[in-house]
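*Asks:* I am attaching a structure below and will ask some questions about it afterwards.
The values are calculated or read from the model by the stated rules, or taken from the named source; none is laboratory data. Note that the structure is a prediction, hence the values are computed from the model and not measured. A quick note on method: Cβ atoms are made from the backbone with ideal geometry, for glycine too, and the neighbour counts reach across all protein chains shown. Accessible surface is based on the protein model in full, side chains and every heavy atom, while ligands, DNA and RNA are left aside. Shrake-Rupley method; radii C 1.70, N 1.55, O 1.52, S 1.80 Å.
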Amino acid sequence: RNTFHLSSLSTADLFVPCGGRPESVNLTNVHLMFHPSGKPRFKIIVEGANLFFTQDARLQLEKSGVILYKDATANKGGVTSSSLEVLAALAMRDDEFQEHMCAKADGALPPFYQRYVQEIQEFIEANSRREFSCIWKEHELTGTPRYILTDKVSDKINQMNDVIQNSILYQNPSLVLRVLADYIPKSLQELIGLKEIVKRVPDNYVKAIFGAQLASLYVYNHGLNAHEFAFFEFIQPYLNDTLKGKFMEETLNLSLIHISEPTRQA
């Protein structure tokens with residue numbers, strides 16, 4: 001079981017390891033993933049398991065023409081789903097969470113929970129397509145191995161996230177609501193209300209959502225080497241939306257103290 005992928009009997013167009021020991025494929029055994037002719041036994045590898053390949057093994061596979069998507073790209077759905085589960089817990093009172101997020105005595109799942117899970121899956125799929133496309137385009141433009149681009153994309157998103165969170169953008173309550181409206185599943189917004197979610201959820205969590213949402217969409221849409229003016233073009237539609245009635249009205253009814261106050265503890 002642990003070494004079948006290294007056997008000469010295993011070959012496929014697509015290899016998706018979803019379990020196994022860390023560094024199962026490394027520089028000492030990566031040669032076993034090739035036919036005697038030197039041709040790779042797998043055309044496409046998507047790392048469902050964390051740390052299954054070492055970086056030097058990835059390099060050998062990509063140099064030979066394998067299309068490889070690293071664990072940090074393939075597994076981002078787990079981070080997203082857990083963060084949205086935490087968001088629901090923070091936004092709901094205990095009785096609401098018990099009613100809408102917990103299975104009943106007979107095992108039946110609440111309708112809200114089923115819809116919430118479906119929306120999270122759709123959100124993950126959309127972001128997966130965005131990250132795939134971003135890495136694919138960057139690879140086509142630069143020839144940089146995809147496993148390196150995974151790290152570069154993550155670093156760029158983290159850098160942009162830090163800049164956005166510490167900019168004056170977060171001091172614009174209408175813009176905060178506009179960005180959250182895209183991120184928070186509609187089922188949760190309809191159950192609790194967007195402005196009520198902002199009031200209930202700790203400010204540091206709201207700020208993290210705001211920064212991460214804008215940073216990831218910016219990098220996915222504009223790539224790793226976009227010029228400074230590209231961010232102005234990217235943020236402009238959001239700012240234009242804040243001038244429309246819906247978000248202006250929500251902002252007027254929302255306490256601005258929550259958004260601008262020092263970080264609260266959960």
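*Asks:* Output the number of the condition that residue 242 fails; it satisfies all remaining conditions of (1) under 20 Å from the mean Cα position of the chain (by Cα); (2) surrounded by 17 or more Cβ atoms within 10 Å (Cβ to Cβ).
*Replies:* The single condition residue 242 does not satisfy is (1).
*Asks:* Counting just the residues of the range 24-38 that are in a loop (DSSP other than H, G, I, E, B) and over 25 Å from residue 132 (Cβ atoms), which one comes out most open to solvent (accessible area, probe 1.4 Å)? Give the steps one after another, and end with the answer.
*Replies:* The first filter runs over the range 24-38 and keeps only residues in a loop (DSSP other than H, G, I, E, B), leaving 24, 26-29, 35-38.
Then keep just the ones that are over 25 Å from residue 132 (Cβ atoms); that gives 26-29, 35-38.
Working: 26: 34, 27: 98, 28: 112, 29: 26, 35: 59, 36: 143, 37: 101, 38: 42 Å².
Going through the qualifying residues, I end up with 36.
*Asks:* If I filter the range 55-108 down to residues being under 20 Å from the mean Cα position of the chain (by Cα) and either under 30 Å from residue 36 (Cβ atoms) or among the charged types (D, E, K, R) (or both), which single residue comes out as surrounded by the most Cβ atoms within 10 Å (Cβ to Cβ)? Lay out the reasoning, then the answer.
*Replies:* Kept after step one, since they are under 20 Å from the mean Cα position of the chain (by Cα), are these residues of the range 55-108: 68-90.
Then keep just the ones that are either under 30 Å from residue 36 (Cβ atoms) or among the charged types (D, E, K, R) (or both); that gives 68-71, 74, 76, 85.
Values: 68: 22, 69: 22, 70: 24, 71: 19, 74: 22, 76: 17, 85: 14.
The selected residue is 70.
*Asks:* For the range 9-20, which positions are open to solvent by 40 Å² or more (accessible area, probe 1.4 Å), in a loop (DSSP other than H, G, I, E, B) and in contact (Cβ under 8 Å) with a residue 24 or more places away in the chain?
*Replies:* 11, 16, 18, 19, 20
*Asks:* Whether any residue in the range 128-136 is β-branched (Val, Ile, Thr) and not in a helix (DSSP H, G or I) is what I want to check. Quick ask: steps written out before the conclusion?
*Replies:* Filtering the range 128-136 down to residues β-branched (Val, Ile, Thr) leaves 135.
Still in the list and also not in a helix (DSSP H, G or I): none.
No: the range 128-136 contains no residue that is β-branched (Val, Ile, Thr) and not in a helix (DSSP H, G or I).
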